[in-house]
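Only one structure is covered here, and it is reproduced in the block below.
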Amino acid sequence: MSDDLLDPAAELAWIAAQARGQLELDRLLGVPAALVPTLPALAPAPRPVAAPLATATPTAPTAPAPPGDEDPAALAARRRDAEARLDALARRMAGCTKCRLSEGRNQLVFGQGDAAAEVAFVGEGPGYHEDQEGLAFVGKAGELLTKMIKAMGLERDEVFIANVVKCRPPGNRTPAPDEMGTCLPFLQEQLEIVRPKVICALGKTAAVGLGLIAPDEALGRSRGRFRDWRGTPVMITYHPAYLLRTPADKRKAWEDLQQLFPLIARRRAT
Ligand code: SF4
């Protein structure tokens, strides 16, 4: 408790309001109701003059808080330039046969989203639906990712979404290290163009592919704190497909995502 909190009743009401907001997000993300406590009904109260309660695990190292967002005109100009550079990269990548994954793909999945996004989500590689549609993160896992993004106060087209490998591994197997290594320069170039303030690595394979953790490192021990990738903070969290199989871990994923909030100037309050 902070010494700055002068009114215990207001503080209690504010805590309850925060918790109700958390419950609403839990409902949105599909966290099982059995995992969340029932709260007493309290009248809404103005936020006390104090730092908000920390709901997420402390990070090490702490990610630097960014300055405010860019001037709108400068942002629009940077977005136009980034869109043109991404288009040029996509044209360069079209028909790529640098690795064996080209042999079984239906189509190359470049990735999509805001070319000047503040947040980039990086996954493992295209699955069946992505390979069919040519878009990253569609299907059930994509729907959950969309819910997670909305719960963060963003729209899906306000973030950038891509994978470590751009072509579907046969049978949805995990991409091999040499396949990830061959394809990684494309992702690096995408992220250098988009220049996100923060990257979210979805799942262990994405984290390994970005070189953030060793292949034998457990995701459960790696998630929840910021890493550095070429000067950009990266949060590792669970892949939406895993969360669909293990809904009890949605709460942990949400705690991870909440740590991104101070780095995102354009998010709307949730
Ligand atoms: S996975 Fe990447 S490197 Fe391999 S063929 Fe596809 S685009 Fe090229």
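Details
- Amide H contacts of Trp229 (H built 1.01 Å from N, under 5 Å, at least 5 apart or other chain): Val234
- Extension gain, Ala248-Ser102: 0.36 nm per intervening residue step, less the Cα-Cα distance, totals 49.0 nm.
- In this simple spin-label approximation, Ala76 and Ala269 carry label points 7 Å from Cα along the Cα→Cβ vector, and these lie 2.8 nm apart.
- Signed unit charges on C-beta, dipole axis of the range 72-263, positive-most listed residue Pro169, Cys183, Cys200: Cys200
- Put in line by how crowded their Cβ is, counting other Cβ atoms within 10 Å and starting with the fewest, Met148, Met93 read Met93, Met148.
- Mean separation of Cα contacts under 8 Å, 6 or more apart, over the residue count of the range 72-263: relative contact order %: 22
- Highest average packing first - 205-211, 251-257, 81-87, Cβ atoms within 10 Å: 205-211, 251-257, 81-87
- Residue order, fewest to most beta carbons within 10 Å, for Lys140, Lys150, Lys204: Lys140, Lys150, Lys204
- Sorting Glu130, Glu143, Glu103 by the number of Cβ atoms found within 10 Å of their own Cβ, with the fewest placed first, yields Glu103, Glu143, Glu130.
- Modelled label positions at Glu133 and Ala90, each set 7 Å beyond Cα in the direction of Cβ, lie 1.5 nm from each other.
No lab work stands behind these numbers, since they all come straight from the coordinates. Source: prediction; values computed, not measured. Heads up, the Cβs are rebuilt from the backbone with ideal geometry, glycines too, and the neighbour counts pull from every protein chain shown.
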